[in-house]
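Right, one structure below, let's go through it.
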Amino acid sequence: LGVLLKENGMGKEAVAAFKSALNLDENHRLSLYELGIASEKEKDYDNAIGYYTRMLRIKEDAEGFFSLGVCYLKNGMLKEAKRNLIKSLLLNAHKAATYNNLGAVNEKMGDYQEAVRVLEIGMKIDPSNAIGAYNIGVAYSKMGNINQALENFEKAVSLGHKDGDKIKKMIKELKVISE
């Protein structure tokens with residue numbers, strides 16, 4: 001019922017159905033996962049972390065570790081984010097979004113070379129990965145490599161990054177700096 005309600009845009013009702021399912025079975029993985037997604041969507045990362053953690057205690061999987069890692073990243077808990085994103089990669093090394101997020105964690109931790117290395121793997125998996133190209137540009141700009149940064153920002157725009165206009169503005173500013 002929760003899945004049907006969610007698919008029909010009835011988020012609050014879906015959450016209530018998933019909570020009812022947990023009242024019947026506190027270890028119902030799908031309900032825990034869906035409640036994690038719902039909490040994450042509401043930017044309630046602490047609750048999302050709790051639901052994902054409970055789900056992973058029942059059975060570990062790549063998607064659970066990915067979601068947990070993303071919530072830790074959004075909460076600024078970088079070591080925890082990195083640990084969970086690596087666990088996700090160990091279970092599924094073929095998801096570009098995991099490399100995007102792990103690259104972002106490395107960049108925020110100041111390890112720009114590792115960020116670029118990880119993000120480039122994600123770009124090989126999905127060459128149309130606009131977020132990966134953008135994140136590579138960010139890492140290169142922080143390393144002071146303006147030419148590589150510009151190349152990747154331009155690639156992100158050409159791939160249709162959702163913040164294309166903002167990135168174009170950054171490109172213009174970087175070109176002025178590099179002249």
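The values are calculated or read from the model by the stated rules, or taken from the named source; none is laboratory data. No experiment lies behind these values; they were computed from the predicted model shown. A quick note on method: Cβ atoms are made from the backbone with ideal geometry, for glycine too, and the neighbour counts reach across all protein chains shown. Protein only, heavy atoms only, side chains kept; ligands, DNA and RNA dropped before computing areas. Shrake-Rupley method; radii C 1.70, N 1.55, O 1.52, S 1.80 Å.
Taking the stretch 1-144 as the region of interest, the number of lysine pairs whose Cα atoms are within less than 16 Å, with members eight or more places apart or on different chains, is 16. Once you order the gyration tensor axes a ≥ b ≥ c over the Cα atoms, which shape class does the stretch 105-179 get: rounded for a/c under 1.5, otherwise prolate or oblate by comparing a/b with b/c? Verdict is oblate for the stretch 105-179. Dividing the summed -39500 (n - 2.57) terms of all DSSP H runs of n ≥ 4 by the residue count of the chain sets its mean residue ellipticity at 222 nm at -25500 deg cm²/dmol. Separation of the stretch 110-179 and the stretch 35-63, taken as the distance between their Cα centroids, equals 30 angstrom. What the chain shows is 56 Å² of accessible area per residue, with the surface traced by a 1.4 Å probe over protein heavy atoms. Counting only Cβ charges, +1 for Lys and Arg and -1 for Asp and Glu, the dipole size of the chain around its Cα centre is about 180 debye. Rounded to the nearest 20, the size of the Cβ-charge dipole of the stretch 87-179 about its Cα centre is 200 debye, with Lys and Arg at +1 and Asp and Glu at -1. Treating each Cα of the stretch 1-156 as one equal point scatterer and applying the Debye formula with no solvent, the log10 of I(q)/I(0) at q = 0.10, 0.17 Å⁻¹ comes out as -0.41, -0.94. In the chain, the portion of solvent-accessible area held by carbon and sulfur atoms comes to 51 percent [1.4 Å probe, whole percent, DNA, RNA and ligands not counted]. Among the GluC sites (Glu not before Pro) found in the stretch 2-59, those both in a DSSP coil and sparsely packed, with 12 or fewer other Cβ atoms within 10 Å of their Cβ, are Glu26, Glu42. Only one residue of Ala21, Gly110, Leu35 has its Cα farthest out toward the positive end of the dipole of the chain, where Lys and Arg carry +1 and Asp and Glu -1 on Cβ, and that residue is Gly110.
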